[in-house]
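Each reported figure results from applying straightforward, stated rules to the coordinates on display, with no laboratory input. Quick caveat: nothing in here was measured; it's all calculated off a predicted structure. As a convention, Cβ positions derive from the backbone with ideal geometry for all residues, glycine included, and neighbour counts pool all protein chains shown.
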Amino acid sequence: MLLFYHYYKNLHSPYTSSRFKIKIKTKMAVCRSTTAISLSRNPNFSTTNPKPSLSYLSPPCVKLPSILPSFKPLTSQSPPDQRLSIPRATAADSATPTTTSTTFFHGHCYVVGDNIDTDQIIPAEYLTLVPSKPDEYEKLGSYALIGLPATYKTRFIEANQTKTKYSIVIGGENFGCGSSREHAPVALGAAGVAAVVAESYARIFFRNSVATGEIYPLESEVRICEECKTGDLITIELMESKLINHTSGKEYKLKPIGDAGPVIEAGGIFAYARKTGMIPSQAP
């Protein structure tokens, strides 16, 4: 730049000869072209527009490795005829005994409609109860479905009782919607529910049901909640993916529980991980 200024000063000096001025003009032209070439080497700048382009101001595109974990399909390592029998809460005060195992459930059903949310399953005021404490676990179950509106004339749990006589809950679409509280499936399990059969579930409720191992969240292929009534005697056969209503004499096809079955059967995700050797077993 200083050399260019020196040429410019001599060019306009009255003491510079015309012959020397021609040489100066030639050198100034060379200087301009050299400057243009040096500027054009940066693709983010233009010699005609000195303002930087947006690509210069923006950070470069960086490809990050995927942080999503990959999971292997969960499969049961026990043959069907040797599946473990996990003890579960049984219904109380029922004329017909409730039978539960890992292959079938038998008992009376309680029927609800669509969009049963977690506030209806267990209101937020009872979330201070700690399920890991046996007495609070039982108390949590006594409040299951207490948030249902007054249109449900039949109470899920009778007054002064901690367990329900309905071991199977039948619902409509989007069962378990609302918050992500794990207390919802835990409260149902603590109340004595073995399985819920719904047309569809909120994904977080389905996941929490599997993770806690409290209940089996089964899906129906048809709208069973409009064909069954509270108090009907029901049998669910897991291996056959079938629901039998002994009161009406009708049978319904259920969607297979799939790889979630062994996790629930083991008692939840941590129990399943210990059982399969994924994590060390707890010390006795």
Handout entry: Cβ-derived FRET efficiency at R0 30 Å, residue 239 paired with residue 114, nearest 0.05
Key = 0.55
Practice task
Can you figure out the FRET efficiency of residue 227 with residue 159, using R₀ = 22 Å and their beta-carbon distance, to the nearest 0.05?
Solution key: 0.15
Problem - In sequence order, calculated HN-Hα J values of the range 228-234 (Karplus, 6.51, -1.76, 1.60; Hz; x Gly/Pro) - result: 10, 10, 4, x, 4, 8, 10
Practice task
Give the span of the range 138-194's Cα atoms along each principal axis, as three whole-Å numbers ordered largest to smallest.
Solution key: 29, 25, 18
Handout entry: Gain on full stretching of the segment that runs from residue 138 to residue 259 - 0.36 nm per residue minus C-alpha separation
Key = 40.7 nm
Handout entry: Spin-label proximity, residue 278 to the range 194-220 - amide N less than 11 Å from point 7 Å beyond Cα toward beta carbon
Key = 211
Handout entry: Residues of type aspartates and glutamates that residue 153 reaches as a straight line, Cα spacing below 20 Å, ignoring anything fewer than 8 places off in the same chain
Key = 93, 114, 117, 119, 226, 227, 232
Handout entry: Relative contact order (%) - criterion: Cα under 8 Å, at least six apart; region: the range 100-163
Key = 29 percent
Handout entry: the range 102-163 - Debye-derived log10 I(q)/I(0), Cα point model, q = 0.12, 0.19, 0.26 Å⁻¹
Key = -0.35, -0.84, -1.18
Handout entry: q = 0.14 Å⁻¹: log10 I(q)/I(0) that the Debye formula gives for the range 197-284, counting C-alpha atoms only
Key = -0.57
Handout entry: Computed over the range 120-244, the ratio Rg/Rh where both radii use C-alpha atoms and Rh is Kirkwood
Key = 0.94
